[in-house]
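What follows is a single structure, written as structure tokens, with notes after it.
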Amino acid sequence: MGRVKPMSLQQFNMQRKIRSLIIYFIIYYLITHSLESVSNLIHGQKLSRWSWIGTGIDLSTFISFLLDAILSYLLFFYSFKRNGAIATLLIFLFLTIPLLIATRYFLQEVLGFWILGVHNYGIQMLTAAKYFLDNVWYALFYGTFGIIYFFIQYSWYNQFQQKKMEFQMVDTELQLLRSQINPHFLFNNLNNIYSLVYHNSENSLAAINKLSELLRYSLYEKDPKVLLSKELEYVQNYIDLQLMRFDYKPCLKLALDVDDRSLVIAPFTLMPFVENAFKHGDLKDGEYPVRIAIKADHNQLCFEVFNKKNHHKNKSPGGIGLENIKRRLELIYKEAHQLTINESAHSFIIKLTINLK
């Protein structure tokens, strides 16, 4: 397995970040420059009159300080993750700052003097030691702007990566939970159809047709959300298939009250509870029939399943379990759902409400 790069130029969108840095720096520079001018006025200093020479010097000063911010940002961008914080800081202090000071010297005292004919500094300040000491503060001040900008962007990037990783983990877990639902469903229904075929039931062909419809939905429906009408059709097909395997008339009450079937829902949300009722419920007791009620009104889905426990059935191993179903609901709907399970020695009731908006 190859080494994963901590950051890439494409991911970080360098060109866009530099453009934003320049815009923010201009605002920052105008603010600090204005505060400096106000301070000078307070202390009785006059503002310099406009001139081509003064404008040229001011422009070269601005460009120098802007380069301080950009070069400091680029240093941390390329070095921070690779070399670590301490090494990058040492490079900034002992290599980048001298480079920034030398860049300003070239722009103003060499190139600027050649164009404008004047120096920004007096002759007495153009010695290497004095010029360096006077510019260390400026290099630190404006270089720090670029460093702070880097850490702000880096923090946003890490938060984005964290959210992306969390989303991928949730999606992986959802896929795992769903993969546990489908094989369990298929296994149970193949057993039922085998029993129908074995006993030469007239419902065998109809059951196979129903199963094919269920499998089509189960295997090919990959969207995170489906129409509520499709989910209800899936539930109805499942119920029809289950009713075919009994040699008596099951006691079942199904109530559907859904006006707007254009609402969407996560697939296989309702099925595990319906399957649980058929698996563990007593469908022979007319006084306590299995009741399945589904109502959708104003984006609110209300789903209720009641079954009397059948204590004569053997408890078959396997199954996806209620914890699996609860976890899937928590991942998909979070605070938008409420699940209540009431279990007694004789009955099992689930009530589920989901905000489908």
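The values are calculated or read from the model by the stated rules, or taken from the named source; none is laboratory data. Everything numeric in this text was worked out from a predicted model, so none of it was measured. We place every Cβ from the backbone using ideal geometry, glycine too, and count neighbours over all the protein chains shown.
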| remark: Counting only helices (runs of 4 or more DSSP H) wholly inside the stretch 1-102, the ones holding at least 1 residues that are out of contact with any Lys or Arg (no Cβ under 7 Å at 6 or more places or on another chain), surrounded by 14 or more Cβ atoms within 10 Å (Cβ to Cβ) and at pLDDT 90 or above are 14-42, 52-83, 85-91
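Say we look at the stretch 203-257 and pick out the residues that are touching a Lys or Arg at 6+ places or on another chain (Cβ under 6 Å) and under 23 Å from HIS280 (Cα atoms); which of these is surrounded by the fewest Cβ atoms within 10 Å (Cβ to Cβ)?
Just the residues of the stretch 203-257 that are touching a Lys or Arg at 6+ places or on another chain (Cβ under 6 Å), to begin with: 228-229, 237, 240-241, 253, 257.
Checking the rest, the ones that are also under 23 Å from HIS280 (Cα atoms) come to 237, 240-241, 253.
On the way: ASN237: 18, ASP240: 16, LEU241: 23, LYS253: 10.
This residue is LYS253.
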| request: Find all pairs meeting these conditions: Cβ atoms under 7 angstrom apart; at least six residues apart or on different chains; first residue within the stretch 323-351 and within 16 Å of VAL274 (Cα to Cα); second residue among the aromatic types (Phe, Trp, Tyr). | output: SER347/PHE306; ILE349/PHE306; ILE350/PHE273
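For (1) in the same structural domain as LYS279 (by TED's automatic domain parsing); (2) part of a helix (DSSP H, G or I); (3) under 30 Å from LYS357 (Cβ atoms), each residue gets a yes or a no:
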residue	(1), (2), (3)
LEU205	yes, yes, no
SER229	yes, yes, yes
VAL235	yes, yes, yes
TYR238	yes, yes, yes
TYR248	yes, no, no
| task | Would you check which residues across the stretch 319-341 are modelled with pLDDT of 80 or more and of a type in the set (Asp, Glu) and list them? | result | GLU330, GLU335
| Got at least one residue in the stretch 253-270 being outside any loop (DSSP other than H, G, I, E, B) and out of contact with any strand residue (DSSP E or B) (no Cβ under 7 Å at 6 or more places or on another chain)? | no
| Boolean, ILE70 is of a type in the set (A, V, I, L, M) and touching a residue at least 60 places away in the same chain (Cβ under 8 Å) | yes
| task | Please specify each residue of the stretch 272-293 satisfying the condition of being in a strand (DSSP E or B) and in contact with a helix residue (DSSP H, G or I) (Cβ under 7 Å, 6 or more places away or on another chain). | result | VAL290, ILE292
| remark: Those residues of the stretch 258-283 that are surrounded by fewer than 19 Cβ atoms within 10 Å (Cβ to Cβ) and modelled with pLDDT under 90 come to a total of 7
